[in-house]
Amino acid sequence: MSVHLNEQQLAEWLLGSADAAVAGHIELCSACRHEADSLERQLALFRDSVHAAATRDEFAWMRQRAAIAQALRPSPSFTSLRWALAGSLCAALLATVMITQAPEPAALAPVHTSAADAADDALLLQIQSDLARPVPAALQPAQVIANERSARLQASAGGLGGNPVRSNRANHED
Ligand SMILES: [Zn+2]
């Protein structure tokens, strides 16, 4: 074999499927043996790069699966925060119900726990009685004068025989 091996024959030799003539040529021809070694190194580099890419892809997929699982699983802190928020909402709702359903302040029996509380209760009772009074305490003398005036007017009207307007109209009708 005078000519050197072509790429197909070199590939067959690398795959171990070359015939005896090709194997014999590589053993004798340093140029073809060098070519075969170079081709073998390139194939090895290609195989390593493919293996690295496959490994990197697998690792990337593992990280992707872990990230998805982490995103789908609620964190304990978020869960506790949600329960705390629900608890505070329930407390606020309960407080609102208790405030709206609380009995009237007048119906509450005063509970004296100290002298200061007793004084506060007395002040509250005084304010309550002042508010319940139709005329403020400062205007009570004026109310007395108004009552006296209305009483005298009623007495004079009674002395004239009732309502003067009504009696006049009765006289006209007669
Ligand atoms: Zn050769």
Long-range neighbours under 9 Å by Cβ, at least six apart or interchain, first residue without any contact (Cβ under 8 Å) to a residue 40 or more places away in the chain within region 1-23, second near the ligand (Cβ under 10 Å from one of its atoms) and of a type in the set (Asp, Glu): His4/Glu35; Leu5/Glu35; Glu7/Glu35; Leu10/Glu35
Mind counting the residues in region 23-48 that are in a helix (DSSP H, G or I) and near the ligand (Cβ under 10 Å from one of its atoms)? 10
For a quick check of your reading of the model, give me the residue pairs whose first member lies in region 37-54 and is assigned by TED's automatic domain parsing to the domain that holds Leu15, whose second is of a type in the set (A, V, I, L, M, F, W, C), with beta-carbon atoms closer than 7 Å and at least 6 apart or on different chains. Leu39/Leu10; Leu39/Leu14; Glu40/Leu14; Leu43/Leu14
Looking at region 1-22, which of its residues are within 12 Å of the ligand (Cβ to nearest atom), at pLDDT 90 or above and of a type outside the set (Val, Ile, Thr)? His4, Leu5, Asn6, Gln9, Leu10, Trp13, Ala21
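The values are calculated or read from the model by the stated rules, or taken from the named source; none is laboratory data. The shown structure was predicted, so the numbers you read here are calculated from the model rather than taken from an experiment. All Cβ positions, even for glycine, are placed from backbone atoms using ideal geometry, and neighbour counts span all protein chains on display.
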